[in-house]
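To keep things clear, I will list the structure first and then write my remarks on it.
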Amino acid sequence: MESLKDQLIKEKLPSHVAVIMDGNGRWAQKKGNSRIFGHQHGVTAVREVTEAAAELGISYLTLYAFSTENWNRPKHEVDALMSLLVSTIGAETKTLLKNNVRLNAIGCKECLPTDVLKNLEESIAKTSSNTGLTLTLALSYSSRWEIVNATKQIARDVREGKINPDDINDDLFGKYLTTNNMPDPELLIRTSGELRISNFLLWQIAYTELYFSEVLWPDYRKEDFYEALLDYQKRERRFGKTSQQI
Ligand code: IPE
Ligand code: IPE
Ligand code: MG
């Protein structure tokens, strides 16, 4: 049997894959451990998927790591997630450099604790000239936050005469979003069996293929990622046209 990776058609790989990494808490609780233990083990899955995407030559990988709504979790869990971010970003920068990965972040940067922001910005700066995969972490991110911010900025630019209201279209709106320098994801994966979007990239996923996996994030491995990509490659993306037109 050909391996899953070998079955992938190189020319039909998505350029941008987005992932809602979900199920850390349930994974840990099933093992009788604290939810934090699950988050710690989620790092392994992040490493696996990043490496798989980089090896395949995928250009953009966007990971939903912490939502605006996640600030409402118990303080000890939020604190643990933030310190995990600090230590992980610090420790992984070497690997990012080795794999030619450029780190990027979207979300409310000023909402993050200063030590998280400092490590993040350092790692972004150190990897900024890398030319391989762009790894974007969505941190303190939510799509409605992003869309509201974009709208505010457009309104300011109209007031200052920089743009004409008649020029506002899909393209222009997209330029005001935090994802302005990347294509829309062709594929969105959510793990842990939950069938919802949870305020992630609402504008950008207008025509994205959705893939839901039952695997809990800490168990997610390269093979699971290949499986999602294979499924994606079997889909017919019609964009409103008929099958015959494709
Ligand atoms: C995803 O796992 C990680 C974050 C949202 C930060 P969860 O922590 O949501 O795990 P479950 O969904 O409770 O199992
Ligand atoms: C979505 O997961 C956010 C991240 C993966 C960071 P949640 O586990 O917070 O989503 P809901 O609240 O269950 O929809
Ligand atoms: Mg969850």
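The values are calculated or read from the model by the stated rules, or taken from the named source; none is laboratory data. Keep in mind that this is a model prediction, so the values were computed, not measured. Here the Cβ positions follow ideal geometry from the backbone for every residue, glycine too, while neighbour counts run over all protein chains shown. Note: areas computed on protein heavy atoms with side chains; ligands, DNA, RNA excluded. Shrake-Rupley method; radii C 1.70, N 1.55, O 1.52, S 1.80 Å.
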message: Pull out all pairs, ordered by first then second residue, where Cβ-Cβ is under 7 Å, the residues are six or more apart or on different chains, the first lies in region 21-43 and is under 17 Å from Ile89 (Cβ atoms), and the second is within 10 Å of ligand 2 (Cβ to nearest atom) and among the small types (Gly, Ala, Ser).
response: Met21/Gly42; Met21/Ala65
task: Please enumerate the residues belonging to region 188-237 that are among the charged types (D, E, K, R), away from ligand 3 (no atom under 13 Å from the Cβ) and within 30 Å of Val148 (Cα to Cα).
output: Glu209, Arg237
- request: Please work out which residue is farthest from ligand 2 (Cβ to nearest atom), limiting yourself to region 188-202 and to residues that are β-branched (Val, Ile, Thr) and open to solvent by less than 20 Å² (accessible area, probe 1.4 Å).
  value: Ile189
- request: Can you work out which of the residues in region 46-71 that are more than 13 Å from the chain's Cα centre (by Cα) and within 16 Å of ligand 3 (Cβ to nearest atom) is farthest from Leu187 (Cα to Cα)?
  value: Trp71
Every residue from region 125-147 that is under 18 Å from Tyr64 (Cβ atoms) and of a type outside the set (Ser, Thr, Tyr): Leu133, Leu135, Leu137, Ala138, Leu139, Arg144, Trp145, Glu146, Ile147
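Is it fair to say Pro185 is crowded, with 20+ Cβ neighbours inside 10 Å, out of contact with any strand residue (DSSP E or B) (no Cβ under 9 Å at 6 or more places or on another chain) and in contact (Cβ under 8 Å) with a residue 60 or more places away in the chain?
So Pro185 does not fit the description; no.
Quick check, is Phe200 within 16 Å of ligand 1 (Cβ to nearest atom), touching a Lys or Arg at 6+ places or on another chain (Cβ under 6 Å) and of a type in the set (A, V, I, L, M, F, W, C)?
For Phe200, the condition - within 16 Å of ligand 1 (Cβ to nearest atom), touching a Lys or Arg at 6+ places or on another chain (Cβ under 6 Å) and of a type in the set (A, V, I, L, M, F, W, C) - is not met.
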query: Out of region 15-45, which residues are β-branched (Val, Ile, Thr) and either open to solvent by less than 40 Å² (accessible area, probe 1.4 Å) or near ligand 1 (Cβ under 8 Å from one of its atoms) (or both)?
result: Val17, Val19, Ile20, Ile36, Val43
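In region 207-239, how many residues are in a helix (DSSP H, G or I) and either buried (at least 18 other Cβ atoms within 10 Å of the Cβ) or touching a residue at least 60 places away in the same chain (Cβ under 8 Å) (or both)?
To start, the set of residues in region 207-239 that are in a helix (DSSP H, G or I) comprises 217-219, 222-233.
Imposing the further condition that a residue be either buried (at least 18 other Cβ atoms within 10 Å of the Cβ) or touching a residue at least 60 places away in the same chain (Cβ under 8 Å) (or both) reduces the set to 217-219, 222-230, 232-233.
Final tally of qualifying residues: 14.
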Qualifying positions in region 188-206 - part of a loop (DSSP other than H, G, I, E, B) and not small (Gly, Ala, Ser): Thr191, Glu194, Leu195, Arg196, Ile197, Asn199, Phe200, Leu201, Leu202, Trp203, Gln204, Ile205
- prompt: Do we have any residue at all in region 145-153 that's in contact with a helix residue (DSSP H, G or I) (Cβ under 8 Å, 6 or more places away or on another chain), more than 17 Å from Val49 (Cβ to Cβ) and within 16 Å of ligand 2 (Cβ to nearest atom)?
  reply: yes
